[in-house]
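Report on the structure given below.
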Amino acid sequence: MFQIGEICLHLINDCSIKVDPGGAFGLVPRALWSPLMPPDENHLVPMHHHCLLAQTAGKNILVDVGYGDKLPDKQKSLLHFQRPTGSLTDALSRLGLSPADIHLVIDTHLHADHAGGNTHFGADGGIEPVFPNAEYVVQRREYEDAMRPNERTRATYFPINYHPLVETGQMRLLDGDTELAPGIYGVVTPGHTPGHMSVRFESGGQYAAFVCDLASYAIHFERLGWMTAYDVEPLVTLETKRRWQQWALETNAVLIFPHDPRRPAGRFVLDADGKGSVQPVDIPFA
(Lines give C-alpha, C1' and ligand atoms only; values in the text may rest on other atoms or scores of the structure.)
Protein backbone atom coordinates (compact mmCIF):
# COMPACT_ATOMS: atom_id res chain seq x y z
CA MET A 1 0.00 0.00 0.00
CA PHE A 2 1.12 3.55 -0.66
CA GLN A 3 -0.49 6.93 -0.33
CA ILE A 4 -0.98 9.72 -2.89
CA GLY A 5 -2.45 12.53 -0.83
CA GLU A 6 -5.95 11.36 0.13
CA ILE A 7 -5.82 8.35 -2.22
CA CYS A 8 -4.72 4.97 -0.88
CA LEU A 9 -3.33 2.61 -3.55
CA HIS A 10 -2.85 -1.16 -3.27
CA LEU A 11 -0.77 -2.97 -5.90
CA ILE A 12 -2.11 -6.42 -6.85
CA ASN A 13 -0.77 -9.12 -9.16
CA ASP A 14 -3.53 -11.26 -10.67
CA CYS A 15 -1.22 -13.81 -12.29
CA SER A 16 2.04 -14.41 -14.10
CA ILE A 17 2.59 -15.84 -17.57
CA LYS A 18 5.50 -16.37 -19.96
CA VAL A 19 5.58 -15.03 -23.50
CA ASP A 20 7.75 -15.09 -26.57
CA PRO A 21 10.12 -12.11 -26.36
CA GLY A 22 9.20 -11.24 -29.94
CA GLY A 23 5.89 -10.07 -28.52
CA ALA A 24 7.31 -8.30 -25.49
CA PHE A 25 10.13 -6.51 -27.33
CA GLY A 26 9.10 -6.37 -30.97
CA LEU A 27 11.94 -5.11 -33.17
CA VAL A 28 14.43 -4.60 -30.34
CA PRO A 29 17.45 -6.88 -30.91
CA ARG A 30 17.92 -9.74 -28.47
CA ALA A 31 21.42 -8.50 -27.61
CA LEU A 32 19.87 -5.34 -26.18
CA TRP A 33 16.88 -6.68 -24.24
CA SER A 34 18.19 -10.02 -22.96
CA PRO A 35 20.59 -8.60 -20.32
CA LEU A 36 17.65 -6.64 -18.89
CA MET A 37 15.02 -9.39 -19.00
CA PRO A 38 16.85 -12.74 -19.34
CA PRO A 39 14.77 -15.45 -21.05
CA ASP A 40 14.29 -18.86 -19.47
CA GLU A 41 15.46 -22.20 -20.86
CA ASN A 42 12.49 -22.19 -23.26
CA HIS A 43 13.43 -18.72 -24.54
CA LEU A 44 10.40 -17.11 -22.88
CA VAL A 45 10.20 -13.97 -20.74
CA PRO A 46 7.89 -13.34 -17.77
CA MET A 47 4.92 -11.01 -17.66
CA HIS A 48 2.99 -10.24 -14.50
CA HIS A 49 -0.53 -8.84 -14.59
CA HIS A 50 -0.76 -5.95 -12.19
CA CYS A 51 -4.02 -4.40 -11.09
CA LEU A 52 -4.59 -1.54 -8.70
CA LEU A 53 -7.09 -0.93 -5.93
CA ALA A 54 -7.62 2.76 -5.19
CA GLN A 55 -9.52 3.86 -2.10
CA THR A 56 -10.71 7.43 -1.67
CA ALA A 57 -13.81 9.28 -0.50
CA GLY A 58 -15.30 6.03 0.75
CA LYS A 59 -15.04 4.34 -2.65
CA ASN A 60 -13.22 1.15 -3.69
CA ILE A 61 -11.98 1.48 -7.26
CA LEU A 62 -10.23 -1.17 -9.35
CA VAL A 63 -7.95 -0.39 -12.25
CA ASP A 64 -7.88 -3.43 -14.55
CA VAL A 65 -8.97 -6.90 -13.50
CA GLY A 66 -6.54 -9.39 -15.06
CA TYR A 67 -7.48 -12.59 -16.87
CA GLY A 68 -10.24 -13.66 -14.50
CA ASP A 69 -11.27 -17.32 -14.25
CA LYS A 70 -12.72 -18.12 -17.70
CA LEU A 71 -9.48 -19.27 -19.37
CA PRO A 72 -9.62 -22.88 -20.60
CA ASP A 73 -6.91 -25.23 -19.36
CA LYS A 74 -5.29 -25.46 -22.81
CA GLN A 75 -4.73 -21.71 -22.94
CA LYS A 76 -3.42 -21.68 -19.38
CA SER A 77 -0.87 -24.30 -20.38
CA LEU A 78 0.21 -22.34 -23.46
CA LEU A 79 0.63 -19.21 -21.35
CA HIS A 80 2.47 -20.99 -18.49
CA PHE A 81 -0.25 -19.40 -16.36
CA GLN A 82 0.44 -19.28 -12.61
CA ARG A 83 -1.08 -17.69 -9.51
CA PRO A 84 1.49 -18.22 -6.75
CA THR A 85 -0.23 -15.69 -4.46
CA GLY A 86 -3.77 -16.17 -5.71
CA SER A 87 -6.01 -14.09 -7.97
CA LEU A 88 -7.19 -10.50 -7.86
CA THR A 89 -10.22 -11.48 -5.81
CA ASP A 90 -7.98 -13.40 -3.40
CA ALA A 91 -5.96 -10.21 -2.87
CA LEU A 92 -9.16 -8.25 -2.25
CA SER A 93 -10.12 -10.81 0.38
CA ARG A 94 -6.77 -10.30 2.12
CA LEU A 95 -7.65 -6.59 2.23
CA GLY A 96 -11.01 -7.37 3.82
CA LEU A 97 -13.06 -6.77 0.66
CA SER A 98 -15.37 -8.89 -1.45
CA PRO A 99 -16.25 -8.30 -5.13
CA ALA A 100 -19.53 -6.79 -3.95
CA ASP A 101 -17.59 -4.02 -2.18
CA ILE A 102 -16.15 -2.58 -5.41
CA HIS A 103 -17.82 0.64 -6.56
CA LEU A 104 -15.99 1.30 -9.85
CA VAL A 105 -13.95 -0.78 -12.31
CA ILE A 106 -11.74 1.15 -14.75
CA ASP A 107 -10.81 -0.89 -17.82
CA THR A 108 -7.74 0.70 -19.37
CA HIS A 109 -8.52 -1.32 -22.49
CA LEU A 110 -10.35 -4.53 -23.34
CA HIS A 111 -7.58 -7.00 -24.13
CA ALA A 112 -8.32 -10.30 -22.41
CA ASP A 113 -5.41 -10.05 -19.99
CA HIS A 114 -6.74 -6.75 -18.64
CA ALA A 115 -10.51 -7.20 -18.91
CA GLY A 116 -11.12 -10.96 -18.66
CA GLY A 117 -11.85 -10.57 -14.96
CA ASN A 118 -14.84 -8.31 -15.65
CA THR A 119 -17.16 -11.30 -15.92
CA HIS A 120 -17.40 -14.93 -14.94
CA PHE A 121 -19.66 -17.92 -15.50
CA GLY A 122 -22.55 -18.01 -13.05
CA ALA A 123 -24.08 -21.10 -11.48
CA ASP A 124 -26.37 -21.56 -14.51
CA GLY A 125 -23.46 -21.20 -16.96
CA GLY A 126 -24.43 -17.69 -18.01
CA ILE A 127 -22.13 -14.67 -18.00
CA GLU A 128 -22.34 -12.49 -14.90
CA PRO A 129 -20.36 -9.49 -13.63
CA VAL A 130 -17.65 -10.39 -11.14
CA PHE A 131 -18.29 -7.06 -9.38
CA PRO A 132 -22.08 -6.93 -9.14
CA ASN A 133 -22.40 -3.48 -7.57
CA ALA A 134 -19.72 -1.69 -9.60
CA GLU A 135 -19.98 0.67 -12.51
CA TYR A 136 -17.52 -0.31 -15.22
CA VAL A 137 -15.95 2.29 -17.54
CA VAL A 138 -13.89 2.11 -20.74
CA GLN A 139 -13.25 4.44 -23.63
CA ARG A 140 -15.94 4.34 -26.31
CA ARG A 141 -13.33 4.04 -29.07
CA GLU A 142 -11.83 1.00 -27.33
CA TYR A 143 -15.21 -0.67 -27.06
CA GLU A 144 -16.04 0.01 -30.70
CA ASP A 145 -12.71 -1.47 -31.82
CA ALA A 146 -13.19 -4.46 -29.53
CA MET A 147 -16.60 -5.17 -31.03
CA ARG A 148 -15.18 -5.05 -34.57
CA PRO A 149 -11.80 -6.78 -34.32
CA ASN A 150 -9.71 -7.58 -37.36
CA GLU A 151 -7.29 -10.38 -38.13
CA ARG A 152 -4.64 -8.71 -35.99
CA THR A 153 -6.75 -8.01 -32.90
CA ARG A 154 -9.40 -10.72 -32.71
CA ALA A 155 -7.19 -13.11 -30.70
CA THR A 156 -7.42 -10.86 -27.64
CA TYR A 157 -10.88 -9.26 -27.85
CA PHE A 158 -13.67 -11.48 -26.49
CA PRO A 159 -17.13 -9.89 -26.20
CA ILE A 160 -18.10 -12.03 -23.19
CA ASN A 161 -15.65 -9.90 -21.20
CA TYR A 162 -17.50 -6.62 -21.82
CA HIS A 163 -20.49 -6.70 -24.20
CA PRO A 164 -22.99 -8.06 -21.61
CA LEU A 165 -22.04 -5.20 -19.28
CA VAL A 166 -22.81 -2.62 -21.94
CA GLU A 167 -26.09 -4.32 -22.79
CA THR A 168 -27.26 -4.14 -19.17
CA GLY A 169 -26.03 -0.56 -18.71
CA GLN A 170 -23.44 -1.54 -16.11
CA MET A 171 -20.55 -0.38 -18.34
CA ARG A 172 -20.32 3.31 -19.22
CA LEU A 173 -18.49 4.37 -22.37
CA LEU A 174 -16.22 7.39 -22.01
CA ASP A 175 -15.50 10.01 -24.65
CA GLY A 176 -12.00 11.22 -23.90
CA ASP A 177 -10.25 12.24 -20.69
CA THR A 178 -12.59 11.98 -17.69
CA GLU A 179 -12.36 12.59 -13.95
CA LEU A 180 -13.76 9.37 -12.51
CA ALA A 181 -13.43 10.14 -8.80
CA PRO A 182 -11.81 12.97 -6.83
CA GLY A 183 -8.21 13.13 -8.08
CA ILE A 184 -8.55 10.05 -10.33
CA TYR A 185 -8.54 10.63 -14.08
CA GLY A 186 -8.92 8.29 -17.02
CA VAL A 187 -6.63 9.72 -19.71
CA VAL A 188 -6.45 8.52 -23.31
CA THR A 189 -2.91 7.33 -24.11
CA PRO A 190 -3.11 5.96 -27.65
CA GLY A 191 -0.67 3.64 -29.36
CA HIS A 192 -1.09 0.23 -27.83
CA THR A 193 -4.65 0.62 -29.08
CA PRO A 194 -6.28 3.84 -30.35
CA GLY A 195 -8.62 3.89 -27.34
CA HIS A 196 -6.08 2.81 -24.72
CA MET A 197 -6.36 4.66 -21.41
CA SER A 198 -3.97 5.26 -18.53
CA VAL A 199 -5.11 6.35 -15.06
CA ARG A 200 -3.65 9.45 -13.41
CA PHE A 201 -3.80 10.13 -9.67
CA GLU A 202 -3.41 13.63 -8.19
CA SER A 203 -3.92 14.50 -4.53
CA GLY A 204 -2.21 16.69 -1.95
CA GLY A 205 0.49 17.78 -4.40
CA GLN A 206 1.48 14.16 -5.11
CA TYR A 207 1.11 12.23 -8.37
CA ALA A 208 1.01 8.68 -9.68
CA ALA A 209 -0.03 6.96 -12.89
CA PHE A 210 -1.03 3.44 -13.83
CA VAL A 211 0.45 3.73 -17.31
CA CYS A 212 -0.79 0.30 -18.39
CA ASP A 213 0.37 -0.83 -21.84
CA LEU A 214 1.69 2.57 -22.75
CA ALA A 215 4.76 0.89 -21.24
CA SER A 216 4.35 -2.80 -20.39
CA TYR A 217 7.79 -2.91 -18.74
CA ALA A 218 9.66 -0.01 -17.14
CA ILE A 219 12.28 -0.28 -19.91
CA HIS A 220 9.58 0.55 -22.46
CA PHE A 221 9.00 3.86 -20.66
CA GLU A 222 12.70 4.66 -20.46
CA ARG A 223 13.39 4.11 -24.16
CA LEU A 224 11.07 5.86 -26.58
CA GLY A 225 11.95 3.54 -29.47
CA TRP A 226 11.19 0.35 -27.53
CA MET A 227 7.64 -0.97 -27.62
CA THR A 228 5.93 -4.32 -27.81
CA ALA A 229 4.84 -6.07 -30.97
CA TYR A 230 1.34 -5.97 -29.51
CA ASP A 231 1.06 -2.20 -30.11
CA VAL A 232 -1.40 -1.46 -32.90
CA GLU A 233 0.10 1.98 -33.59
CA PRO A 234 3.74 1.83 -32.42
CA LEU A 235 4.76 5.27 -33.69
CA VAL A 236 1.81 6.77 -31.83
CA THR A 237 3.01 4.94 -28.72
CA LEU A 238 6.40 6.61 -29.14
CA GLU A 239 4.96 10.14 -29.20
CA THR A 240 2.56 9.41 -26.33
CA LYS A 241 5.49 8.21 -24.22
CA ARG A 242 7.42 11.38 -25.06
CA ARG A 243 4.64 13.49 -23.56
CA TRP A 244 4.32 11.29 -20.48
CA GLN A 245 8.05 11.26 -19.84
CA GLN A 246 7.86 15.04 -19.55
CA TRP A 247 4.85 14.84 -17.23
CA ALA A 248 6.65 12.30 -15.05
CA LEU A 249 9.69 14.56 -14.76
CA GLU A 250 7.59 17.61 -13.89
CA THR A 251 5.50 15.83 -11.22
CA ASN A 252 7.96 13.26 -9.78
CA ALA A 253 5.10 10.81 -10.16
CA VAL A 254 5.14 7.17 -9.14
CA LEU A 255 4.65 5.16 -12.33
CA ILE A 256 3.05 1.71 -12.20
CA PHE A 257 3.81 -0.73 -15.02
CA PRO A 258 1.32 -3.53 -15.74
CA HIS A 259 3.59 -6.43 -16.68
CA ASP A 260 7.04 -5.79 -15.20
CA PRO A 261 8.14 -8.51 -12.72
CA ARG A 262 11.30 -6.60 -11.73
CA ARG A 263 10.29 -2.95 -11.57
CA PRO A 264 6.52 -2.80 -11.14
CA ALA A 265 6.75 0.81 -9.95
CA GLY A 266 9.27 3.63 -10.15
CA ARG A 267 10.01 7.27 -10.81
CA PHE A 268 11.41 8.61 -14.09
CA VAL A 269 14.55 10.70 -13.53
CA LEU A 270 17.38 12.17 -15.59
CA ASP A 271 21.06 11.60 -14.84
CA ALA A 272 23.82 14.21 -15.19
CA ASP A 273 24.03 13.48 -18.92
CA GLY A 274 20.30 13.93 -19.44
CA LYS A 275 19.60 10.21 -19.89
CA GLY A 276 16.29 9.06 -18.47
CA SER A 277 15.76 5.99 -16.32
CA VAL A 278 13.09 4.55 -14.05
CA GLN A 279 14.32 4.33 -10.48
CA PRO A 280 12.45 1.55 -8.64
CA VAL A 281 10.01 2.39 -5.87
CA ASP A 282 9.54 -0.41 -3.37
CA ILE A 283 5.80 -0.97 -3.02
CA PRO A 284 4.52 -4.13 -1.30
CA PHE A 285 1.86 -6.16 -3.06
CA ALA A 286 -1.49 -6.74 -1.40
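Tabulated values for the structure
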quantity: Enumeration of residues in segment 232-272 that are surrounded by 14 or more Cβ atoms within 10 Å (Cβ to Cβ), out of contact with any Phe, Trp or Tyr (no Cβ under 8 Å at 6 or more places or on another chain) and of a type in the set (Asp, Glu); calculated: Glu233
quantity: Of all residues in segment 130-140 being closer than 18 Å to Leu62 by Cβ and not hydrophobic (A, V, I, L, M, F, W, C), the one that is surrounded by the fewest Cβ atoms within 10 Å (Cβ to Cβ); calculated: Pro132
quantity: Among (1) among the aliphatic types (A, V, I, L, M); (2) buried (at least 21 other Cβ atoms within 10 Å of the Cβ); (3) out of contact with any helix residue (DSSP H, G or I) (no Cβ under 8 Å at 6 or more places or on another chain); (4) in a loop (DSSP other than H, G, I, E, B) - the single one Leu110 does not satisfy; calculated: (3)
quantity: Criterion: over 21 Å from Lys59 (Cα atoms) and not hydroxyl-bearing (Ser, Thr, Tyr) - qualifying residue of Leu214, Leu180; calculated: Leu214
quantity: Condition check for Ser277: over 23 Å from Ala91 (Cα atoms), at pLDDT 95 or above and not in a loop (DSSP other than H, G, I, E, B); calculated: yes
quantity: Verdict on Ile256 being under 23 Å from Ile106 (Cα atoms) and among the β-branched types (Val, Ile, Thr); calculated: yes
quantity: Residue match in segment 141-154 (condition: surrounded by fewer than 20 Cβ atoms within 10 Å (Cβ to Cβ) and of a type in the set (Val, Ile, Thr)); calculated: yes
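The values are calculated or read from the model by the stated rules, or taken from the named source; none is laboratory data. Please read all numbers here as calculations on a predicted model, not as lab measurements. When we count neighbours, we look across all protein chains shown, and the Cβ atoms used for this are built from the backbone with ideal geometry, even at glycine.
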